[in-house]
Amino acid sequence: MADALAAIARVPGLGMITIRADLSRAGDALAEATGLAIPDVAGITTDGSRSLGWMSPDELLLILPEAERADAQDALTQALMGDHGLVVDVSDARAVFDVTGPHAADIIAKLAPVDALALRQGQLRRTRVAQTAAAIWRIPGGFRVIGFRSTADYLGLILTNAALPGSQLAPR
């Protein structure tokens with residue numbers, strides 16, 4: 001039997017914090033609190049265990065090990081003290097999948113209006129994967145996909161089906 005085009009793995013144990021604030025005013029304090037540079041528009045910065053993604057002009061998403069979530073949330077709340085802002089734990093509202101392997105870009109291309117091959121390291125794309133909202137970025141060996149937990153079963157199924165052996169895209 002042929003091998004799948006890519007490995008699809010649900011990623012457990014992550015904490016996720018949405019940060020809403022005027023990034024031009026609070027960016028330095030938020031960078032200090034997260035330990036990461038504020039990403040460029042449609043970008044993501046990472047240090048290996050933590051990532052900070054640009055979600056909109058006034059919104060960031062911090063992704064980190066679940067064990068660090070509470071301390072990070074406290075630090076972010078302190079960083080925004082005196083400014084108009086919001087820090088919310090959204091860990092339970094999201095599902096994370098890694099798509100890795102030699103044809104990982106084909107899996108993304110089948111399901112999302114994204115040129116996965118052109119997606120550079122450090123870029124984050126908010127889009128849809130089939131019929132569900134998602135964010136996608138490069139990781140070593142493939143891509144990370146974050147969607148809503150309410151659609152996690154669907155997201156996992158369509159990613160797995162897109163990776164079925166023999167379903168690769170025609171060579172370009």
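Name the residue, out of Arg138, Arg120, Arg128, that is in a loop (DSSP other than H, G, I, E, B) and among the basic types (Lys, Arg).
Values: Arg138 fails: in a loop (DSSP other than H, G, I, E, B); Arg128 fails: in a loop (DSSP other than H, G, I, E, B).
The conditions single out Arg120.
Summed over segment 111-125, the residues that are of a type outside the set (S, T, N, Q), surrounded by fewer than 17 Cβ atoms within 10 Å (Cβ to Cβ) and touching a strand residue (DSSP E or B) at 6+ places or on another chain (Cβ under 9 Å) give a count of 3.
Conditions (1) closer than 25 Å to Ile158 by Cα; (2) assigned to a loop (DSSP other than H, G, I, E, B); (3) open to solvent by 30 Å² or more (accessible area, probe 1.4 Å); (4) without any contact (Cβ under 8 Å) to a residue 40 or more places away in the chain, marked per residue:
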site: Ala2; (1), (2), (3), (4): yes, yes, yes, no
site: Arg20; (1), (2), (3), (4): no, no, yes, no
site: Leu62; (1), (2), (3), (4): no, no, no, no
site: Arg69; (1), (2), (3), (4): no, no, yes, no
site: Ala75; (1), (2), (3), (4): no, no, yes, no
site: Val99; (1), (2), (3), (4): yes, no, no, no
site: Ala109; (1), (2), (3), (4): yes, no, yes, no
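Residue check: is Asp153 open to solvent by 80 Å² or more (accessible area, probe 1.4 Å), over 26 Å from Ile38 (Cα atoms), part of a helix (DSSP H, G or I) and of a type in the set (D, E, K, R)? Talk me through it step by step, then tell me what you get.
Working: open to solvent by 80 Å² or more (accessible area, probe 1.4 Å): yes; over 26 Å from Ile38 (Cα atoms): yes; part of a helix (DSSP H, G or I): yes; of a type in the set (D, E, K, R): yes.
Judged against the criteria, Asp153 is a match.
Filtering segment 77-87 to residues that are in contact with a helix residue (DSSP H, G or I) (Cβ under 8 Å, 6 or more places away or on another chain) and open to solvent by 60 Å² or more (accessible area, probe 1.4 Å) leaves only Gln78. If you go through segment 49-60 and keep only what is open to solvent by 10 Å² or more (accessible area, probe 1.4 Å) and either in contact with a helix residue (DSSP H, G or I) (Cβ under 6 Å, 6 or more places away or on another chain) or polar (S, T, N, Q) (or both), you end up with Ser49, Ser51, Ser56. Exactly one residue out of Pro12, Pro39 is open to solvent by 20 Å² or more (accessible area, probe 1.4 Å) and not in a helix (DSSP H, G or I), and it is Pro12. Applying the condition of being open to solvent by less than 50 Å² (accessible area, probe 1.4 Å) and without any contact (Cβ under 8 Å) to a residue 24 or more places away in the chain to segment 22-35 and asking which residue is nearest to Arg69 (Cα to Cα) yields Ala31.
The values are calculated or read from the model by the stated rules, or taken from the named source; none is laboratory data. Note that the structure is predicted; figures quoted are calculated from it, not measured. Cβ sites come from the backbone with ideal geometry, for glycine too, and all protein chains shown count toward neighbours. These area figures cover heavy atoms from the full protein model, side chains too; ligands, DNA and RNA do not enter into them. Shrake-Rupley method; radii C 1.70, N 1.55, O 1.52, S 1.80 Å.
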